[in-house]
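Structure first, commentary second.
The values are calculated or read from the model by the stated rules, or taken from the named source; none is laboratory data. Because the structure is a prediction, the values reported are computed rather than measured. Cβ placement follows ideal geometry from the backbone for every residue including glycine, while neighbour counts extend to all protein chains displayed. The accessibility values were calculated without ligands, DNA or RNA, using every heavy atom of the protein model including side chains. Shrake-Rupley method; radii C 1.70, N 1.55, O 1.52, S 1.80 Å.
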Amino acid sequence: MLILGIETSCDETSIALLEAKKEGANFFIQPQKSVVSSQIKIHAPYGGVVPMLASREHVKNLDYLFNQVLKDNNNDLKKIIKKIDLISVTYGPGLIPALLVGVNFSKTLAWAFKKPIIGVNHLEAHFLSFLLPDENQKKIISQKDLKQIFPAIGLIVSGGHTLLIYAQKIGDYRLIGETRDDAAGECFDKTSRILGLGYPGGPAIAKEAQKIKIDELKEIKNEVKLPRPMINSPDFDFSFSGLKTAVLYAYQKIPSSQKRKMKTYFAYEIEDAITDVLVKKTISAAKYFQTKSIILGGGVTANKVLRDKMNEAAKNNNLNLYLPLLKYTTDNAMMVSLAGFFDSLKNKTINQNSWHNLEADANLKI
Ligand code: KG4
Ligand code: ZN
């Protein structure tokens, strides 16, 4: 089946087409085409996403992206619309002014072209993104593959969320821990602002931290001491606001003559502290629940230090590790198409009148 995915929950407008089918016990997945329009430049001066600005940009972008993705070589929009079997849209969680744009756009398409529509949980979409191959490549997922993967611990870590789930199988999740305050990506974004490194903070901090020379590593540990909040707590919750405050107070005390060097030291230590906590908690959860694997999803999983540390830790603990391709770590509509595909297999009542009942839900839980 051909699935049109639409994503507008935060600051990326994205539309994608995915071909997917279930044949016997196997799933076939073939991403066709996707576009993501980032609003980074618009939100950068504010150091974070401004919901009403995001909403306005989604309105401006959607129509254009829709045409870009759907028009084939002959610019025949109608022909390809005819082929679409399902519309899949993120309906939560996210910023309500942003979600409303995508949901209403999708509902209008479903009504106008008489297509079935399904609302997708953005967090589930991040979780499933490790299954996506690159555009125009085909992936077959067999029962044997799924047996190797599940049960799994999922770490979903982005600008708005940091949570751990226990996944018995695709579609069967239990929330086992989440952040009590800031998300890990938010911590990157806010501490980056303190250091004057710009937005989004994750890539900015990672780039600054790379400037460290090997012989400076010991000095960093003497000069910058940041907490690893809740790293040894017996639960699977996180807390990152204390780390942000620690950076604020410690960096304020640095004399301006040393700020250039110390900025790099702080960036290195912030990345080290956040990734230490994420890895430790995820591995503890996998051991506690005796899962076969760990699955990462969300914008922060683009972070190379996190990927490397998790890889090492997973190996040491005999766990399989599944990571999304870099292009599917941050918000994108291909993952929304994929989640819609799996959800539609469970939900047989989806039809061309489903748009009636679909509403955005900013606080949707997994
Ligand atoms: O999943 P995403 O695109 O949007 C939300 O659903 O929130 O994640 C965006 C977050 C931002 O906080 C950004 O700083 C972070 O992902 N991020 C990174 C990296 N790339 C993006 N964090 C650390 N390292 C990166 N390379
Ligand atoms: Zn996201």
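I'd like the full set of residues that are surrounded by 16 or more Cβ atoms within 10 Å (Cβ to Cβ) and in a loop (DSSP other than H, G, I, E, B), limited to the range 49-86.
If the condition is that a residue be surrounded by 16 or more Cβ atoms within 10 Å (Cβ to Cβ) and in a loop (DSSP other than H, G, I, E, B), then 49, 50, 84 are the ones that fit.
Here are 211, 207, 147: which of them is more than 16 Å from ligand 2 (Cβ to nearest atom) and either in a strand (DSSP E or B) or more than 22 Å from residue 252 (Cα to Cα) (or both)?
Details: 211 fails: either in a strand (DSSP E or B) or more than 22 Å from residue 252 (Cα to Cα) (or both); 207 fails: either in a strand (DSSP E or B) or more than 22 Å from residue 252 (Cα to Cα) (or both).
Exactly one of 211, 207, 147 is more than 16 Å from ligand 2 (Cβ to nearest atom) and either in a strand (DSSP E or B) or more than 22 Å from residue 252 (Cα to Cα) (or both), namely 147.
Please state which one of 293, 284, 257 is within 22 Å of the chain's Cα centre (by Cα) and farther than 30 Å from residue 6 by Cα.
Working: 293 fails: farther than 30 Å from residue 6 by Cα; 257 fails: within 22 Å of the chain's Cα centre (by Cα).
Exactly one residue qualifies, and that residue is 284.
Considering the range 169-188 alone, what residues qualify as being part of a helix (DSSP H, G or I) and either modelled with pLDDT under 95 or open to solvent by 30 Å² or more (accessible area, probe 1.4 Å) (or both)?
Here is the first cut: in the range 169-188, the ones part of a helix (DSSP H, G or I) are 184-188.
Within the range 169-188, 186 is the sole residue that qualifies.
Quick test for you: out of 153, 165, 170, 176, pick the one residue that is within 15 Å of ligand 2 (Cβ to nearest atom) and in contact with a helix residue (DSSP H, G or I) (Cβ under 9 Å, 6 or more places away or on another chain).
On the way: 153 fails: within 15 Å of ligand 2 (Cβ to nearest atom); 170 fails: within 15 Å of ligand 2 (Cβ to nearest atom); 176 fails: within 15 Å of ligand 2 (Cβ to nearest atom).
Step by step, each of 153, 165, 170, 176 is checked, and only 165 is within 15 Å of ligand 2 (Cβ to nearest atom) and in contact with a helix residue (DSSP H, G or I) (Cβ under 9 Å, 6 or more places away or on another chain).
Going through 134, 145 one at a time, which residue ends up being touching a Pro at 6+ places or on another chain (Cβ under 8 Å) and away from ligand 1 (no atom under 16 Å from the Cβ)?
Working: 145 fails: touching a Pro at 6+ places or on another chain (Cβ under 8 Å).
Answer to the selection: 134.
Looking at residue 266, is it in contact with a Lys or Arg (Cβ under 9 Å, 6 or more places away or on another chain) and among the aromatic types (Phe, Trp, Tyr)?
Considered against the rule, which asks whether it is in contact with a Lys or Arg (Cβ under 9 Å, 6 or more places away or on another chain) and among the aromatic types (Phe, Trp, Tyr), residue 266 comes out as no.
One line per residue, one yes/no per condition, for (1) more than 26 Å from residue 207 (Cβ to Cβ); (2) in contact with a Phe, Trp or Tyr (Cβ under 7 Å, 6 or more places away or on another chain); (3) of a type in the set (Lys, Arg); (4) assigned by TED's automatic domain parsing to the domain that holds residue 246:
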residue: 121; (1), (2), (3), (4): yes, no, no, no
residue: 129; (1), (2), (3), (4): no, yes, no, no
residue: 158; (1), (2), (3), (4): no, no, no, yes
residue: 161; (1), (2), (3), (4): no, no, no, yes
residue: 177; (1), (2), (3), (4): yes, yes, no, yes
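Would you pick out the residues in the range 87-106 that are under 13 Å from residue 337 (Cα atoms) and open to solvent by 30 Å² or more (accessible area, probe 1.4 Å)? If you could, list the steps in order and put the result at the bottom.
Within the range 87-106, the first condition is being under 13 Å from residue 337 (Cα atoms), and the residues that meet it are 87-91, 106.
Of everything in the range 87-106, just one residue is under 13 Å from residue 337 (Cα atoms) and open to solvent by 30 Å² or more (accessible area, probe 1.4 Å), namely 91.
Please list, ordered by residue number, the helices (runs of 4 or more DSSP H) wholly in the range 235-354 having 2 or more residues that are open to solvent by 10 Å² or more (accessible area, probe 1.4 Å) and in the same structural domain as residue 168 (by TED's automatic domain parsing). Steps first, answer last, please.
Working: elements: 241-252, 259-288, 304-316, 333-346.
The qualifying helices (runs of 4 or more DSSP H) are 241-252, 259-288, 304-316.
Limited to the range 191-220, what total is found for residues that are of a type in the set (Val, Ile, Thr), farther than 20 Å from residue 240 by Cβ and open to solvent by 40 Å² or more (accessible area, probe 1.4 Å)?
Looking only at that region, the number is 1.
Across the range 150-168, what is the total count of residues that are more than 16 Å from ligand 1 (Cβ to nearest atom) and open to solvent by 10 Å² or more (accessible area, probe 1.4 Å)?
Summing the residues that are more than 16 Å from ligand 1 (Cβ to nearest atom) and open to solvent by 10 Å² or more (accessible area, probe 1.4 Å) in the range 150-168 gives 4.
Counting only residues that are at pLDDT below 95, within 16 Å of ligand 2 (Cβ to nearest atom) and not small (Gly, Ala, Ser), which one in the range 13-41 is most open to solvent (accessible area, probe 1.4 Å)?
Once the filter is applied, the top-ranked residue is 40.
Would you call residue 142 surrounded by fewer than 21 Cβ atoms within 10 Å (Cβ to Cβ) and among the hydroxyl-bearing types (Ser, Thr, Tyr)? Give the steps one after another, and end with the answer.
Working: surrounded by fewer than 21 Cβ atoms within 10 Å (Cβ to Cβ): yes; among the hydroxyl-bearing types (Ser, Thr, Tyr): yes.
The answer is yes for residue 142.
What tally of residues in the range 110-130 results from selecting those that are surrounded by fewer than 21 Cβ atoms within 10 Å (Cβ to Cβ), assigned to a helix (DSSP H, G or I) and either in contact (Cβ under 8 Å) with a residue 12 or more places away in the chain or not small (Gly, Ala, Ser) (or both)?
2
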